[in-house]
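Before any comments, here is the structure.
The values are calculated or read from the model by the stated rules, or taken from the named source; none is laboratory data. Note that this is a predicted model, so its numbers are computed, not measured. Ideal geometry is used to build each Cβ from the backbone, glycine not excepted, and the neighbour counts take in all protein chains shown. With ligands, DNA and RNA removed, areas are computed over all heavy atoms of the protein, side chains included. Shrake-Rupley method; radii C 1.70, N 1.55, O 1.52, S 1.80 Å.
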Amino acid sequence: MATPAHRPPACRLRPGGVDDLDDVMRVMMAAFQPCFGEAWTRSQCAGILPMAGVTLTLAEDDDESALGFALARTIADEAELLLIAVNPSSQRRGVGQALLMHFIEQARQAGAETLHLEVRDNNPAIALYSAAGFRPAGRRRNYYSGADGTKHDAVTLKLVN
Ligand SMILES: CC(C)(COP(=O)(O)OP(=O)(O)OC[C@H]1O[C@@H](n2cnc3c(N)ncnc32)[C@H](O)[C@@H]1OP(=O)(O)O)[C@@H](O)C(=O)NCCC(=O)NCCS
């Protein structure tokens, strides 16, 4: 795996749960643009959180304000990054990279051999994933539906060791 340059810690990471849904949804609504249809609803998040193998990680600043979050699922030897988002006012300060590297470490510790994710084609987040060693492994046509009905492909990325 390629090792992206590590910056000084921009945040603290902690495990989250259903009590953090207000923070998760606040970051979600600010970070994702409705025109792409990538954001999850509160009930989708609440529904998946209690499921086996699902983990939520919160990134916080010194005042314990939520800067970002990552939602992931590990089943057997496979781990999937379901969502990652950082509040726009805190982007490009290393928070997303910290959350992504934590996902990778956590998945490896849980015994996952295959790490993958789906991302909208042309999402700038692909640069973040590529720097960590994720590479294209497939495409799902018209996977996302934007608020105006426009469809967008999803690209499946896998971590290449
Ligand atoms: C993707 C996202 C989580 C990245 O969070 P972030 O905290 O800004 O990321 P980082 O600051 O850790 O970025 C690390 C590196 O990734 C790359 N990167 C991150 N965001 C980028 C962008 N918008 N454009 C180009 N490169 C980007 C850069 O190489 C960056 O390093 P640099 O700032 O030194 O150039 C954030 O932009 C976001 O919340 N986007 C909206 C939600 C989303 O689309 N999530 C992904 C799909 S689930």
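The rows are residues; the columns are (1) of a type in the set (D, E, K, R); (2) crowded, with 17+ Cβ neighbours inside 10 Å.
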| residue | (1), (2) |
| --- | --- |
| A112 | no, yes |
| N122 | no, no |
| L128 | no, yes |
| A131 | no, no |
| G138 | no, no |
| R141 | yes, no |
| Y144 | no, yes |
| T150 | no, no |
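Any residue in region 70-78 that is aliphatic (A, V, I, L, M), near the ligand (Cβ under 7 Å from one of its atoms) and modelled with pLDDT of 95 or more?
Initial filter on region 70-78 (aliphatic (A, V, I, L, M)): 70-72, 75-76.
Among the residues that remain, those that are also near the ligand (Cβ under 7 Å from one of its atoms) are: none.
No, because not a single residue in region 70-78 is aliphatic (A, V, I, L, M), near the ligand (Cβ under 7 Å from one of its atoms) and modelled with pLDDT of 95 or more.
Restricting attention to region 40-90, the residues that are within 23 Å of A154 (Cα to Cα), in contact (Cβ under 8 Å) with a residue 40 or more places away in the chain and not aliphatic (A, V, I, L, M) add up to 6. Under the condition of being open to solvent by 10 Å² or more (accessible area, probe 1.4 Å), touching an Asp or Glu at 6+ places or on another chain (Cβ under 7 Å) and part of a strand (DSSP E or B), the residues counted in region 68-85 number 1. Taking the stated definitions as given, is P34 over 16 Å from the mean Cα position of the chain (by Cα), modelled with pLDDT under 95 and surrounded by fewer than 19 Cβ atoms within 10 Å (Cβ to Cβ)? For P34, the condition - over 16 Å from the mean Cα position of the chain (by Cα), modelled with pLDDT under 95 and surrounded by fewer than 19 Cβ atoms within 10 Å (Cβ to Cβ) - is met. In region 86-110, of all residues being hydrophobic (A, V, I, L, M, F, W, C) and open to solvent by 30 Å² or more (accessible area, probe 1.4 Å), the one that is modelled with the highest pLDDT corresponds to A98.
For G37, are the conditions met, namely being under 21 Å from K158 (Cβ atoms) and within 13 Å of the ligand (Cβ to nearest atom)? Write out each step before concluding.
On the way: under 21 Å from K158 (Cβ atoms): no; within 13 Å of the ligand (Cβ to nearest atom): yes.
For G37, the condition - under 21 Å from K158 (Cβ atoms) and within 13 Å of the ligand (Cβ to nearest atom) - is not met.
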